[in-house]
Amino acid sequence: MIGAVLAGGRGRRFGGDKLLFKISGKPLILYTIERLEKAKEIDEIVLVASRENAEKLERLGYRVVVDELLVGPMGGIYTALSLGDAFVVAGDMPLLVPQFIDFIIGRFSMEKKPVCVPRWSNGYLEPLHATYSKEFRTFLEEKIKSKQYAINRAIRESEACYIEIESLPEEWRESFFNVNTREDLERIRSIRGTVL
(Lines give C-alpha, C1' and ligand atoms only; values in the text may rest on other atoms or scores of the structure.)
Protein backbone atom coordinates (compact mmCIF):
# COMPACT_ATOMS: atom_id res chain seq x y z
CA MET A 1 0.00 0.00 0.00
CA ILE A 2 1.31 3.42 -1.00
CA GLY A 3 1.17 6.21 1.55
CA ALA A 4 0.46 9.27 -0.61
CA VAL A 5 1.08 12.67 0.95
CA LEU A 6 -0.61 15.54 -0.90
CA ALA A 7 1.83 18.42 -0.92
CA GLY A 8 0.64 20.71 -3.70
CA GLY A 9 -1.28 23.34 -1.69
CA ARG A 10 -0.15 26.95 -1.53
CA GLY A 11 -0.76 27.56 2.18
CA ARG A 12 -2.49 30.91 1.67
CA ARG A 13 -4.05 31.00 5.15
CA PHE A 14 -0.71 30.09 6.69
CA GLY A 15 1.18 32.84 4.85
CA GLY A 16 3.89 30.93 3.01
CA ASP A 17 4.96 27.37 2.26
CA LYS A 18 3.71 25.76 5.43
CA LEU A 19 4.82 22.23 4.54
CA LEU A 20 8.46 23.27 4.59
CA PHE A 21 8.01 25.58 7.61
CA LYS A 22 10.44 24.33 10.23
CA ILE A 23 9.30 23.31 13.70
CA SER A 24 12.15 22.40 16.03
CA GLY A 25 14.43 22.41 12.99
CA LYS A 26 12.31 20.00 10.93
CA PRO A 27 9.84 20.78 8.10
CA LEU A 28 6.19 20.29 9.06
CA ILE A 29 5.66 17.71 6.29
CA LEU A 30 8.34 15.45 7.79
CA TYR A 31 6.28 15.05 10.96
CA THR A 32 3.40 13.83 8.78
CA ILE A 33 5.66 11.48 6.80
CA GLU A 34 7.28 10.00 9.93
CA ARG A 35 3.88 9.19 11.45
CA LEU A 36 2.73 7.64 8.18
CA GLU A 37 5.89 5.51 8.00
CA LYS A 38 5.02 3.99 11.38
CA ALA A 39 1.86 2.42 9.95
CA LYS A 40 2.61 -1.27 9.39
CA GLU A 41 0.44 -1.48 6.24
CA ILE A 42 2.31 1.29 4.38
CA ASP A 43 5.00 -0.01 2.01
CA GLU A 44 6.16 3.18 0.34
CA ILE A 45 5.75 6.93 0.85
CA VAL A 46 5.11 9.11 -2.20
CA LEU A 47 4.75 12.89 -2.19
CA VAL A 48 2.27 14.38 -4.66
CA ALA A 49 3.53 17.85 -5.53
CA SER A 50 2.80 20.74 -7.85
CA ARG A 51 5.44 21.47 -10.47
CA GLU A 52 6.49 24.59 -8.56
CA ASN A 53 7.33 22.81 -5.30
CA ALA A 54 8.47 19.38 -6.59
CA GLU A 55 12.17 20.18 -6.56
CA LYS A 56 12.14 21.42 -2.95
CA LEU A 57 10.25 18.32 -1.83
CA GLU A 58 12.62 15.96 -3.66
CA ARG A 59 15.36 17.15 -1.30
CA LEU A 60 13.54 15.34 1.54
CA GLY A 61 14.59 12.03 -0.05
CA TYR A 62 11.17 10.61 -0.96
CA ARG A 63 9.68 9.78 -4.34
CA VAL A 64 7.82 12.78 -5.76
CA VAL A 65 5.12 12.67 -8.45
CA VAL A 66 3.78 15.86 -10.03
CA ASP A 67 0.07 16.64 -10.09
CA GLU A 68 -0.36 18.27 -13.50
CA LEU A 69 -4.10 18.84 -13.06
CA LEU A 70 -4.05 21.28 -10.13
CA VAL A 71 -7.78 20.96 -9.47
CA GLY A 72 -7.49 20.46 -5.72
CA PRO A 73 -7.40 17.22 -3.72
CA MET A 74 -9.13 15.21 -6.46
CA GLY A 75 -6.21 15.86 -8.81
CA GLY A 76 -3.72 14.80 -6.15
CA ILE A 77 -5.61 11.59 -5.43
CA TYR A 78 -5.97 10.88 -9.16
CA THR A 79 -2.20 11.34 -9.59
CA ALA A 80 -1.37 9.09 -6.61
CA LEU A 81 -3.62 6.29 -7.90
CA SER A 82 -1.55 6.05 -11.10
CA LEU A 83 0.94 4.18 -8.86
CA GLY A 84 -1.56 1.75 -7.29
CA ASP A 85 -3.85 1.55 -4.26
CA ALA A 86 -3.10 4.42 -1.88
CA PHE A 87 -3.80 5.67 1.61
CA VAL A 88 -4.02 9.44 1.08
CA VAL A 89 -3.30 12.20 3.60
CA ALA A 90 -2.53 15.90 3.44
CA GLY A 91 1.02 17.01 4.14
CA ASP A 92 -0.10 19.26 6.99
CA MET A 93 -1.37 16.45 9.26
CA PRO A 94 1.46 16.00 11.80
CA LEU A 95 -0.58 14.07 14.39
CA LEU A 96 -1.47 11.04 12.27
CA VAL A 97 -2.21 7.93 14.33
CA PRO A 98 -0.47 4.90 12.73
CA GLN A 99 -2.87 2.37 14.32
CA PHE A 100 -5.84 4.24 12.84
CA ILE A 101 -4.23 4.18 9.38
CA ASP A 102 -3.67 0.41 9.67
CA PHE A 103 -7.29 0.00 10.80
CA ILE A 104 -8.62 1.83 7.71
CA ILE A 105 -6.37 -0.12 5.34
CA GLY A 106 -7.51 -3.35 7.02
CA ARG A 107 -11.16 -2.45 6.45
CA PHE A 108 -10.37 -1.50 2.84
CA SER A 109 -8.76 -4.91 2.24
CA MET A 110 -11.70 -6.70 3.84
CA GLU A 111 -14.56 -4.73 2.22
CA LYS A 112 -13.07 -4.69 -1.32
CA LYS A 113 -14.74 -1.34 -2.07
CA PRO A 114 -13.20 1.42 -4.24
CA VAL A 115 -12.82 3.78 -1.27
CA CYS A 116 -12.71 3.40 2.50
CA VAL A 117 -13.26 6.73 4.25
CA PRO A 118 -13.93 7.87 7.84
CA ARG A 119 -17.34 9.55 8.31
CA TRP A 120 -18.69 11.67 11.17
CA SER A 121 -22.26 11.17 12.41
CA ASN A 122 -23.30 14.43 10.69
CA GLY A 123 -22.22 12.92 7.36
CA TYR A 124 -18.97 14.89 7.06
CA LEU A 125 -16.24 12.84 5.36
CA GLU A 126 -12.46 12.78 5.89
CA PRO A 127 -11.30 12.20 2.28
CA LEU A 128 -7.70 13.13 3.10
CA HIS A 129 -7.42 10.31 5.63
CA ALA A 130 -8.76 7.53 3.45
CA THR A 131 -7.80 4.55 1.30
CA TYR A 132 -8.49 4.49 -2.45
CA SER A 133 -8.19 1.65 -4.96
CA LYS A 134 -6.33 2.18 -8.21
CA GLU A 135 -9.59 1.28 -10.01
CA PHE A 136 -11.23 4.37 -8.48
CA ARG A 137 -8.94 6.43 -10.75
CA THR A 138 -11.15 5.63 -13.76
CA PHE A 139 -14.19 6.97 -11.89
CA LEU A 140 -12.25 10.13 -10.96
CA GLU A 141 -11.18 10.56 -14.58
CA GLU A 142 -14.82 10.82 -15.63
CA LYS A 143 -15.43 13.45 -12.94
CA ILE A 144 -12.36 15.45 -13.97
CA LYS A 145 -13.38 15.36 -17.65
CA SER A 146 -16.78 16.79 -16.72
CA LYS A 147 -15.10 19.38 -14.42
CA GLN A 148 -16.68 17.95 -11.25
CA TYR A 149 -13.78 18.35 -8.82
CA ALA A 150 -15.52 17.79 -5.46
CA ILE A 151 -13.92 14.67 -3.98
CA ASN A 152 -16.64 14.28 -1.31
CA ARG A 153 -19.32 14.12 -3.97
CA ALA A 154 -17.32 11.59 -5.99
CA ILE A 155 -16.95 9.37 -2.91
CA ARG A 156 -20.68 9.56 -2.15
CA GLU A 157 -21.51 8.60 -5.72
CA SER A 158 -19.27 5.53 -5.54
CA GLU A 159 -19.70 2.24 -3.69
CA ALA A 160 -17.69 3.52 -0.73
CA CYS A 161 -16.99 1.81 2.57
CA TYR A 162 -17.61 4.20 5.48
CA ILE A 163 -15.95 3.99 8.88
CA GLU A 164 -18.09 5.59 11.55
CA ILE A 165 -15.72 7.79 13.56
CA GLU A 166 -17.78 7.97 16.74
CA SER A 167 -17.49 4.19 17.16
CA LEU A 168 -13.67 4.36 17.27
CA PRO A 169 -11.26 5.25 20.11
CA GLU A 170 -11.56 8.98 20.81
CA GLU A 171 -7.78 9.48 20.84
CA TRP A 172 -7.64 8.49 17.17
CA ARG A 173 -9.45 11.71 16.23
CA GLU A 174 -6.30 13.82 16.57
CA SER A 175 -5.16 12.02 13.39
CA PHE A 176 -7.43 14.38 11.41
CA PHE A 177 -5.85 17.56 12.77
CA ASN A 178 -4.30 19.72 10.07
CA VAL A 179 -2.32 22.94 10.24
CA ASN A 180 -3.96 25.85 8.42
CA THR A 181 -2.66 28.82 10.38
CA ARG A 182 0.31 29.66 12.57
CA GLU A 183 -2.04 29.57 15.56
CA ASP A 184 -2.59 25.88 14.78
CA LEU A 185 1.12 25.29 15.47
CA GLU A 186 0.58 26.52 19.03
CA ARG A 187 -2.35 24.16 19.35
CA ILE A 188 -0.11 21.25 18.33
CA ARG A 189 2.53 22.19 20.87
CA SER A 190 -0.11 22.17 23.61
CA ILE A 191 -1.29 18.63 22.79
CA ARG A 192 0.08 16.29 25.40
CA GLY A 193 2.76 13.88 24.27
CA THR A 194 3.56 15.49 20.94
CA VAL A 195 7.17 15.93 19.90
CA LEU A 196 6.54 19.22 18.09
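Observations on the structure shown:
- Checked across segment 68-82, the condition of being hydroxyl-bearing (Ser, Thr, Tyr), in contact with a helix residue (DSSP H, G or I) (Cβ under 8 Å, 6 or more places away or on another chain), surrounded by 17 or more Cβ atoms within 10 Å (Cβ to Cβ) and under 29 Å from Glu164 (Cβ atoms) holds for at least one residue.
- Of all residues making up segment 123-154, the number that are more than 20 Å from Leu83 (Cβ to Cβ), in contact (Cβ under 8 Å) with a residue 40 or more places away in the chain and among the aromatic types (Phe, Trp, Tyr): 1
- Meets criteria (modelled with pLDDT of 95 or more, more than 28 Å from Leu83 (Cβ to Cβ) and over 18 Å from the mean Cα position of the chain (by Cα)) for Glu157: no
- Residue selection: Ile33 fails the criterion of being in contact with a Leu (Cβ under 6 Å, 6 or more places away or on another chain) and either of a type outside the set (A, V, I, L, M) or at negative phi (or both).
- Residues located in segment 66-87, provided they are at negative phi, touching a Phe, Trp or Tyr at 6+ places or on another chain (Cβ under 6 Å) and not in a helix (DSSP H, G or I): Val71, Ala86
- In summary, Pro127 fulfils each of the numbered conditions (1) exposed (fewer than 13 other Cβ atoms within 10 Å of the Cβ); (2) assigned to a loop (DSSP other than H, G, I, E, B) with the single exception of condition (1).
- Filter pass, Gly3 being surrounded by 23 or more Cβ atoms within 10 Å (Cβ to Cβ), modelled with pLDDT of 95 or more, within 20 Å of Ile163 (Cα to Cα) and among the small types (Gly, Ala, Ser): yes
- Annotation: of all residues in segment 138-159 being charged (D, E, K, R) and part of a loop (DSSP other than H, G, I, E, B), the one that is surrounded by the fewest Cβ atoms within 10 Å (Cβ to Cβ) is Lys147.
- In summary, Val117 fulfils each of the numbered conditions (1) closer than 22 Å to Leu185 by Cα; (2) in contact with a Pro (Cβ under 8 Å, 6 or more places away or on another chain) with the single exception of condition (1).
- Hey, Leu69 over 16 Å from the mean Cα position of the chain (by Cα) and under 16 Å from Glu142 (Cα atoms) or not: yes
- Residue tally, condition under 13 Å from the mean Cα position of the chain (by Cα) and of a type in the set (Gly, Ala, Ser), over segment 89-116: 2
The values are calculated or read from the model by the stated rules, or taken from the named source; none is laboratory data. For clarity, every value in this text was computed on a predicted model and none was experimentally measured. A quick note on method: Cβ atoms are made from the backbone with ideal geometry, for glycine too, and the neighbour counts reach across all protein chains shown.
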